[in-house]
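Written out below as structure tokens is the structure these notes cover.
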Ligand SMILES: Nc1ncnc2c1ncn2[C@@H]1O[C@H](COP(=O)(O)OP(=O)(O)OP(=O)(O)O)[C@@H](O)[C@H]1O
Ligand SMILES: [Mg+2]
């Protein structure tokens, strides 16, 4: 049995037309690190607030250990919470902040001192116990918030963008720290972010949210290698897209397992299909990740039949790779997102003498492209 179950959960805020959480079904296993990832307004915080008990669902069930908790107040749910802004009490010392959840729960004073020291040790802040929050850096404040969420040994820790106020280096340090704590404590963690690399670093599984619904729920690797749809493909990692229709479901033997499609610009391409039973009237999207693109000045230099013609718009050195920006020549001008393609090319694989404005071929192997 899952530790936490959402069953057909809806949340509609008073006065708003759309549901912030729209028929959510989600099981969270004991001890797992689950991340809710999605664009702004997709319902991540609302889902966390429903779980913490700060909001009530408009419909549906939320269960902890198989028991309904919709009417259980937050402090009886045994969940630690860390928010985006540090939300420490400014007039209290670090130790007093961390002790707060224990005093609320009427833990004896002698136990409080021991538990507070242990919680501060977990986040490496033992020597900061007597400081006030404004005498700490952002990262240290967020570690205090984490200690405060862990001090009463909750079954579940909920974190809503806890690292978003930190700079990149500190954020990455804290990600490793949270990973370590998760491993050491074995506590179930539910984490909210709209940063895909953060989600991939931390999570056992990621739920990709869009408009109050989960588009796909899987491990980071599965989401990246086998996205369920173009939204997931574009939200996790970079992705190039072009519209197409089915040209033939019969393919030559050497392109086995793939289907042949025709872009709106009239190019024939082979790619893997997610769906069986496609028909000629389906409108399809072909997706390729930038790291799978080959670029060449002429078609003959590609190692694949698949070729889209483009114009080189920009060539950017990114240290460990080159980022090429190209505009597809045969795509309708009205669709700017499709017309612009990106390629990620290793320094050694960059053709010599490319100049901005020239024509080039973008190639990819059928097995590296998906049809949705
Ligand atoms: N208290 C509220 N009253 C009315 N509408 C709300 C309230 N809180 C959130 N919403 C709406 O519900 C939707 C989902 O919001 P939510 O805060 O859950 O999104 P989110 O995924 O956390 O976004 P972000 O990444 O910006 O934090 C949004 O359209 C938002 O405007
Ligand atoms: Mg939010």
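Each value in this text was obtained by applying a stated rule to the coordinates, not by laboratory testing. Since the structure is predicted, the reported quantities are computational estimates derived from the model, not experimental observations. Heads up, the Cβs are rebuilt from the backbone with ideal geometry, glycines too, and the neighbour counts pull from every protein chain shown.
Structure notes:
- Residues 47, 30, 35 in ascending order of nearby Cβ atoms (within 10 Å, fewest first): 30, 35, 47.
- Label-point separation, residue 344 to residue 204 (7 Å along Cα→Cβ), nm: 2.7 nm
- Computed from the Cβ-Cβ distance with R0 of 41 Å, the FRET efficiency linking residue 76 to residue 278 stands at 0.20.
- Counting beta carbons within 10 Å around each of 114, 93 and listing the fewest first gives the order 114, 93.
- Fewest-first ranking of 85, 46, using other Cβ atoms within 10 Å as the exposure measure: 85, 46
- Length added when fully stretched, residue 92-residue 300, from 0.36 nm per residue minus Cα-Cα: 67.9 nm
- Here the Gaussian network model covers the chain, with springs between Cα atoms less than 10 Å apart; of 215, 247, 70, 247 fluctuates the most.
- Relative protection proxy for 159-165, 314-320, 136-142, from highest mean packing down: 159-165, 136-142, 314-320 (other beta-carbon atoms within 10 angstrom).
- Cβ crowding within 10 Å averaged over residues, with 352-359, 58-65 ranked highest first: 58-65, 352-359
- If you run the Gaussian network model on the chain, springs between alpha carbon atoms under 10 Å, then out of 15, 237, 43 the most flexible one is 15.
- Spin-label pair residue 54/residue 248, simplified geometry with 7 Å Cα→Cβ offset, distance in nm: 5.9 nm
- Take the Cα of residue 85, step 7 Å toward its Cβ, do the same at residue 134, and the gap between the two points is 1.5 nm.
- Net length gained if the chain between residue 8 and residue 67 were fully extended (0.36 nm per residue, minus Cα distance): 19.7 nm
- Efficiency of FRET between residue 291 and residue 126 - r from beta-carbon atoms, R0 41 angstrom, step 0.05: 0.40
- Once the C-beta distance of residue 179 and residue 330 is scaled by a Förster radius of 51 Å, the resulting FRET efficiency is 0.65 to the nearest 0.05.
- Taking the chain as a Gaussian network of alpha-carbon nodes connected by springs under 10 Å, the highest mean-square fluctuation of the residues 350, 217, 202 belongs to 350.
- Alpha-carbon Debye profile of the chain, log10 I(q)/I(0) at 0.09, 0.12 Å⁻¹: -0.65, -0.96
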